[in-house]
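The values are calculated or read from the model by the stated rules, or taken from the named source; none is laboratory data. Every value quoted in this text rests on a predicted model; they were computed, and no experiment measured them. With ideal geometry, Cβ positions are generated from the backbone for all residues, glycine too; neighbour counts draw on all protein chains shown.
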Amino acid sequence: MMQKSIIIIILILLVGCTHRSKGPDVSNIKVELTVERFDLDFFSMDTIGIEKGLGNLEVKYPSLYPIFMQNILGLHDSARDKGTLAFIRQNRFIADAINKEFTILTPLKNDFENAFRHVRYYFPAYIIPKLITIAGPPDALAQTTTGELTPDFIGPDFLGISLQFYLGKDFPLYKDEFFITNIAPEFRSRRFDKKYIVSDAMKLIADDIYPDKSTGKGLIEQMIEKGKQWWLLDKFLPDEPDSIKTGYTKNQLEWCKENEGLIWNSIITNEKDIFTREPASIQNYIGEAPFTQVMSTSSPGNIGQWVGWQIMKKYAEKNSSLSIDEIMKKSAKEILEETKYKPK
């Protein structure tokens with residue numbers, strides 16, 4: 001019995017070690033996240049008294065309501081009531097699917113609170129926004145300040161989560177030919193799953209704290225500036241798998257790790273000038289794509305951000321005495337020069 005007890009204790013200790021966080025201890029940091037279900041309130045309105053229902057929504061969601069009606073639905077006063085009724089009728093199936101998939105938001109709320117504890121650990125003065133879930137049009141992907149598409153958006157005092165883009169990669173709408181061609185190809189919609197919600201949203205928080213400054217810069221500068229965003233995301237989500245944070249498949253991640261030297265060599269060989277501002281060159285390495293055109297089909301798209309991320313990790317490792325703020329404010333040229341990045 002004694003031997004069995006010792007074995008059990010050892011196993012318990014091993015399991016405990018396995019689940020130890022990679023990040024700092026944030027258990028004592030208090031975060032109470034407010035979660036509001038605009039999607040439920042919107043689709044539960046009495047359609048006979050739609051004007052009254054919309055008035056109630058405007059009172060309950062003063063920050064979100066005008067954004068949702070004007071920017072997301074594209075409805076203004078004259079067409080508001082009729083347009084709202086048409087939207088509800090056409091998208092009821094999406095609302096029903098959301099109700100089924102997101103009956104309880106407690107696990108999601110817990111994950112967000114943990115992420116925001118890390119945000120508050122590094123940035124105590126950052127004001128944590130409330131979380132508001134919506135069910136918008138199936139073509140209403142938001143745009144970041146740099147033009148990248150995202151399911152989520154930041155409002156004046158809230159973080160908006162568009163649940164119509166998190167119904168699982170096999171949701172029939174995502175397989176529709178029109179949807180694939182005009183809204184999101186399958187290499188993108190495979191990430192329309194609830195496990196990506198927190199990561200997608202925390203990318204917006206990272207950009208809110210340190211806005212992406214890559215627009216208009218040369219290739220390598222854009223790679224490093226965007227790499228900063230993923231490096232900061234590591235701080236907020238230290239235990240999230242890299243496949244979730246990057247959006248790469250596990251095979252694509254493995255390919256990158258095994259071919260880091262070849263990736264870098266391919267970039268400097270093909271481009272000659274890594275500071276080029278040629279749009280076609282930048283597009284090859286940055287932004288959504290099924291793979292990188294000048295590399296193997298086993299490669300992921302947006303490989304430039306992955307390279308920038310590696311450079312950032314090496315820079316941070318060599319400059320461990322610097323604060324996050326000091327690192328994030330370093331110029332891309334200075335970071336590249338100091339790391340002397342040349343992987344094998």
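I'd like to check something: does the stretch 150-163 contain any residue that is part of a helix (DSSP H, G or I), in contact (Cβ under 8 Å) with a residue 40 or more places away in the chain and surrounded by 18 or more Cβ atoms within 10 Å (Cβ to Cβ)? Yes, the stretch 150-163 contains at least one residue that is part of a helix (DSSP H, G or I), in contact (Cβ under 8 Å) with a residue 40 or more places away in the chain and surrounded by 18 or more Cβ atoms within 10 Å (Cβ to Cβ).
Being without any contact (Cβ under 8 Å) to a residue 12 or more places away in the chain, on the phi < 0 side of the Ramachandran plot, β-branched (Val, Ile, Thr) and not in a helix (DSSP H, G or I) is a description that does not apply to THR276. Within the stretch 216-235, can one find any residue that is in a loop (DSSP other than H, G, I, E, B) and either touching a Phe, Trp or Tyr at 6+ places or on another chain (Cβ under 8 Å) or under 24 Å from ARG188 (Cβ atoms) (or both)? Scanning the stretch 216-235 turns up at least one residue that is in a loop (DSSP other than H, G, I, E, B) and either touching a Phe, Trp or Tyr at 6+ places or on another chain (Cβ under 8 Å) or under 24 Å from ARG188 (Cβ atoms) (or both).
Residues in the stretch 126-144 that are surrounded by fewer than 21 Cβ atoms within 10 Å (Cβ to Cβ), of a type in the set (Val, Ile, Thr) and in contact with a helix residue (DSSP H, G or I) (Cβ under 7 Å, 6 or more places away or on another chain): ILE128, THR144.
Going through (1) among the charged types (D, E, K, R); (2) part of a helix (DSSP H, G or I); (3) surrounded by 18 or more Cβ atoms within 10 Å (Cβ to Cβ) one by one, ASP208 falls short only on (3). With respect to the conditions (1) surrounded by 13 or more Cβ atoms within 10 Å (Cβ to Cβ); (2) within 25 Å of LEU173 (Cβ to Cβ), PHE123 falls short on a single one, namely (2). Checking SER281, SER321, SER296 one by one, the residue that is among the hydroxyl-bearing types (Ser, Thr, Tyr), under 30 Å from ARG120 (Cα atoms) and assigned by TED's automatic domain parsing to the domain that holds ASP234 is SER321 and no other. Kindly indicate whether any position in the stretch 109-121 is in a helix (DSSP H, G or I), over 21 Å from ASP208 (Cα atoms) and touching a strand residue (DSSP E or B) at 6+ places or on another chain (Cβ under 9 Å). There is no residue in the stretch 109-121 that is in a helix (DSSP H, G or I), over 21 Å from ASP208 (Cα atoms) and touching a strand residue (DSSP E or B) at 6+ places or on another chain (Cβ under 9 Å).
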